[in-house]
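Note sheet for the following structure.
The values are calculated or read from the model by the stated rules, or taken from the named source; none is laboratory data. All of these numbers come straight from a predicted model, not from anything done at the bench. Cβ sites come from the backbone with ideal geometry, for glycine too, and all protein chains shown count toward neighbours.
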Amino acid sequence: MRRLRNARNSTKETRRDEEEREQSEQDRRAARKYRPFGQTGLDLSAMGFGCWELSGSYGHIDERDVVQAIHKAHDLGINCFDTAQGYGFGKSEQLLARGLGGRRKEIILVTKWGIGYNDSITGKGRDSRAERCKLSIETSLKHLDTDYIDVYLVHWPGSSQIPS
């Protein structure tokens, strides 16, 4: 009886291992597909790495796990990392920077501005004024520990005019 149970458990584990390997291979294939990003000359991976969860909105995040996930995504061919200053008031951008480390130039960095402020310039909520844009990009550059951002988007336009 014991041998039968061990054989069943071994078969289940083997099937599970095979399914995990197959899923991992599917993930690698999906991540290796690239598409042009409009007329920018940038080729983005079809699968991106969204960083909202890095903000801690859903609970505690272990920084080691974050760094491992960022490295794994990049190793699989993902080159588009999407974050925003409003995610955890910059926490997401800061964790992404730590995770990327020396890999920054190998990826396409997307960040956003225009929401999640709680300060004397904006008060609470959305703000897509030119003054906010200038302050936000400088803040994001600092958080991301970089001197350039590949794609900078207004997250959610406010009722004020968007700068040209």
I'd like to check something: does segment 54-68 contain any residue that is out of contact with any helix residue (DSSP H, G or I) (no Cβ under 9 Å at 6 or more places or on another chain), at pLDDT 85 or above and under 24 Å from Val151 (Cα atoms)?
no
Out of the residues in segment 82-114 that are in contact with a His (Cβ under 8 Å, 6 or more places away or on another chain) and part of a loop (DSSP other than H, G, I, E, B), state the one that is farthest from Gly50 (Cα to Cα).
Gly114
Every listed condition ((1) closer than 15 Å to Ile149 by Cα; (2) modelled with pLDDT under 85; (3) hydroxyl-bearing (Ser, Thr, Tyr)) holds for Tyr117 save (1)
How many residues are crowded, with 23+ Cβ neighbours inside 10 Å and either of a type in the set (Ser, Thr, Tyr) or within 10 Å of the chain's Cα centre (by Cα) (or both) when one looks only at segment 82-94?
5
Exactly one condition in (1) among the small types (Gly, Ala, Ser); (2) within 22 Å of Thr40 (Cβ to Cβ); (3) in a loop (DSSP other than H, G, I, E, B) is false for Ser136; which is it?
(3)
Asp147 passes all but one of (1) farther than 27 Å from Gln39 by Cβ; (2) assigned to a loop (DSSP other than H, G, I, E, B); (3) of a type in the set (Asp, Glu); which number fails?
(1)
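Can you spot a residue in segment 100-108 that is closer than 16 Å to Leu144 by Cβ and of a type in the set (Gly, Ala, Ser)?
yes
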Residues of segment 57-81 being surrounded by 14 or more Cβ atoms within 10 Å (Cβ to Cβ) and part of a loop (DSSP other than H, G, I, E, B), which ones?
Ile61, Leu76, Gly77, Ile78, Asn79
